[in-house]
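One structure below.
What follows is calculated from the coordinates using simple rules that are stated; it is not laboratory data. The model shown is predicted, which means the values in this text are computed figures rather than measured ones. Please note: Cβ atoms are built from the backbone with ideal geometry, for glycine as well, and neighbour counts cover all protein chains shown.
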Amino acid sequence: MLQDSFNRIHDYLRISLTDVCNFRCQYCIPNEEAQFMPSSHLMQLNEIESIATQFVNLGIKKIRLTGGEPLARKDAADIILALSKLPVKLTLTTNGSRIHQFIDVFKAAKIRSINVSLDTLDAAKFNQITKRDLFTQVLNNIKLLINEGFHVKLNMVVMRSFNDNEILNFIDWTKNLPIHVRFIEFMPFTGNQWDNEKVFTFQEILTLASSKYQYAKLREEPNETAKSFQVNGYQGTFAVISTMTAPFCNTCNRLRLTADGKMKNCLFSNGEIDILNAHRNGANILPLIQQSLANKALALGGQFEGDYHQVDPHAITNRSMIKIGG
Ligand code: SAM
Ligand code: SF4
């Protein structure tokens, strides 16, 4: 069992497949000329299978594939199909641009739920955020997933004075579509020009929603990071992931593996344990996994706490989001 020193049981592993991405979201990737890891540094298919199996034997019940863009990896389909044989709930987070090429793989892997990131419903702003002209493709792919019966969650990172004016449009979208929008408070990572002024808070989102809708709070699953709501009579739901103003660390059940096989016990941890190289050297990785877990801080990687206005992004030691795997 994967239990940390605060008695939190961990049964959810996020595996980053690559730090490469076909988008250049300004809040995620430090710059257009970013250096990506050489592929020899990445966990290979058989290594992912073997390491994931060892995590599953320790009690992992859910695996999310992420990145970078997980579907940008050449052998993504093989990895998905291999992991689908494990006794876990398999899912992924994607920027949505390549879903049409993978829909049959998702079905074969019995994936039921997929998170797609979309920060705007405006094509020009989409190009500005991602630096790629793929808005229509992403939108079509979201519709494809819904038509194929997938449970679709939409991740929208809210940034003040940039896309907070679209919150109500996203909620409107949930009227006739069974889509689950999740507004994410903007978080600080290396090189992402985070500034506390840009955080549009959980409370502000709810106040805005209340100005237009009657909505109800939905029941939370254990370990849920999102606080969910539904406008009366609407098909879909909306939620807020309030990492900056109301963190959910006390029920955290998540562990992470970066694409180069380093274990991170928290999105914000500065410590990493090299699982891949130990595995390549034939070492037993189980004590390393337990050591990483034992090092887990009570909250936010031990790097900040309290009022987010006081957070100094330069004092946080971490990778950029694209190299962690969100
Ligand atoms: N490429 C995939 C995608 O965009 O969905 C998966 C990786 S991406 C790093 C995972 C999630 O992290 C996305 O929903 C993205 O919007 C979110 N994210 C990235 N940087 C963030 C930040 N600074 N604050 C909040 N969420 C962020
Ligand atoms: Fe790529 Fe996702 Fe980061 Fe955007 S948020 S740059 S799509 S990894």
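Descriptive notes on the structure:
- With neighbours defined as other Cβ atoms within 10 Å of a residue's Cβ, the residues His279, His100, His151 order from fewest to most as His100, His151, His279.
- Summarising the strand pairing of the stretch 12-324, around 25 percent of its internal DSSP beta bridges are antiparallel.
- Cα convex hull of the stretch 12-324 - mean projected area over all directions, nm²: 15.2
- Excluding same-chain neighbours fewer than eight residues apart, the aspartates and glutamates reachable from Lys212 by a Cα-Cα span under 18 Å are Asp164, Glu166, Asp172, Glu204.
- FRET efficiency estimate (nearest 0.05) - Cβ-Cβ, Phe6 to Asp133, R0 41 angstrom: 0.35
- Across the chain, C-alpha contacts under 8 Å between residues 6 or more apart give a mean separation that, scaled by the residue count, equals a relative contact order of 22 percent.
- 24 Å Cα-Cα threshold exceeded, pairs from Lys61/Lys85; Lys153/Lys175; Lys131/Lys175: Lys131/Lys175
- q = 0.11 Å⁻¹: log10 I(q)/I(0) that the Debye formula gives for the stretch 31-111, counting C-alpha atoms only: -0.31
- Spin-label model, Asn223/Lys61: points 7 Å from Cα along the beta carbon direction are separated by 0.7 nm.
- For the chain, Cys21, Cys249, Cys252, Cys266 have no disulfide-compatible partner, since no other Cys C-beta lies under 4.7 Å from theirs.
- The phi torsions of the stretch 186-198, fed into the Karplus equation with coefficients 6.51, -1.76 and 1.60 and a -60° offset, translate into couplings of 4, 10, x, 9, 3, x, 9, 6, 5, 8, 4, 5, 7 Hz, rounded to whole numbers, with Gly and Pro shown as x.
- Alpha-carbon centroid distance for the pair the stretch 158-207 / the stretch 39-62, whole angstrom: 33
- Centre separation in Å (Cα based) which lies between the stretch 81-116 and the stretch 276-326: 26
- Ordering His309, His180 from the fewest to the most neighbouring beta carbons within 10 Å gives His309, His180.
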